1. So if I check each of Thr91, Thr86, which one is in contact with a Lys or Arg (Cβ under 8 Å, 6 or more places away or on another chain) and of a type in the set (Val, Ile, Thr)?
2. Can you give me the number of residues within region 61-83 that are among the aromatic types (Phe, Trp, Tyr) and touching a helix residue (DSSP H, G or I) at 6+ places or on another chain (Cβ under 6 Å)?
3. Of the residues Val134, Val114, Val122, which single one is within 27 Å of Leu5 (Cβ to Cβ), among the β-branched types (Val, Ile, Thr) and open to solvent by 40 Å² or more (accessible area, probe 1.4 Å)?
4. Going by what's in this entry, would Thr17 be described as open to solvent by less than 60 Å² (accessible area, probe 1.4 Å) and without any contact (Cβ under 8 Å) to a residue 60 or more places away in the chain?
5. Does Asn121 satisfy being at pLDDT below 95 and assigned to a helix (DSSP H, G or I)?
6. Can you report the number of residues in region 66-101 which are more than 18 Å from Tyr136 (Cβ to Cβ) and either assigned to a loop (DSSP other than H, G, I, E, B) or of a type in the set (Val, Ile, Thr) (or both)?
7. Return the pair list, or none, for Cβ contacts closer than 7 Å from residues in region 30-43 that are under 14 Å from Arg127 (Cα atoms) and in contact (Cβ under 8 Å) with a residue 24 or more places away in the chain to residues that are open to solvent by 40 Å² or more (accessible area, probe 1.4 Å) and in a helix (DSSP H, G or I), at least 6 apart or on different chains.
8. How many residues are at pLDDT 95 or above, of a type in the set (Val, Ile, Thr) and more than 12 Å from the chain's Cα centre (by Cα) when one looks only at region 20-62?
Amino acid sequence: DALYLAIYEQAMLFELTFVQTYMEKVRDEPIEQALLPLLQQVAHRFEHNVETKFFIRSTFLTPYHLQEALGKKTYDYLDAIQALFTTYFCTKMPRENSNEAAVAYLALLDSLYVEMLYGGNVRFNQRLQAGWNVFYRGISN
């Protein structure tokens, strides 16, 4: 259990560092040019990075006896990336809407993780296209 938790922590930090670095790089970019490519990279990272694959699988397919320990770490990760997205949206829209946009974007990201695990590339791409279109129209009004 200790080894599994240590590997999970390492994989989580790998993913968090990626998102932090990415968001820093695109902070001045328009929403579509910044956030759509991040979603598009999800499948590639899952297929080509063992840390990403382990993190996503462990997050959604948590061993029962580790649910409490991994659940807390997972929510720490989600809170951290939500804060990054909120900060980004604060520079792009009225402040009162930025957290709601960040939560909606995170929900879209979560749904793409599910399709990667269970649906395959075709369903992933359908979800990405439809989800992004609805999300982007919603925050653009």
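1. On inspection, the qualifying residue turns out to be Thr91.
2. Counting residues in region 61-83 that are among the aromatic types (Phe, Trp, Tyr) and touching a helix residue (DSSP H, G or I) at 6+ places or on another chain (Cβ under 6 Å) gives 1.
3. Unique residue meeting the criteria: Val114.
4. no
5. yes
6. Count: 3.
7. As it stands, the answer is Ala43/Asn121, since those pairs meet every condition given.
8. The total comes to 4.
The values are calculated or read from the model by the stated rules, or taken from the named source; none is laboratory data. Note that the structure is a prediction, hence the values are computed from the model and not measured. Cβ coordinates were reconstructed from backbone atoms using ideal geometry, including for glycine residues, and neighbour counts include every protein chain displayed. Note: accessible area is taken over every heavy atom of the protein model, side chains too, but ligands, DNA and RNA are not part of it. Shrake-Rupley method; radii C 1.70, N 1.55, O 1.52, S 1.80 Å.
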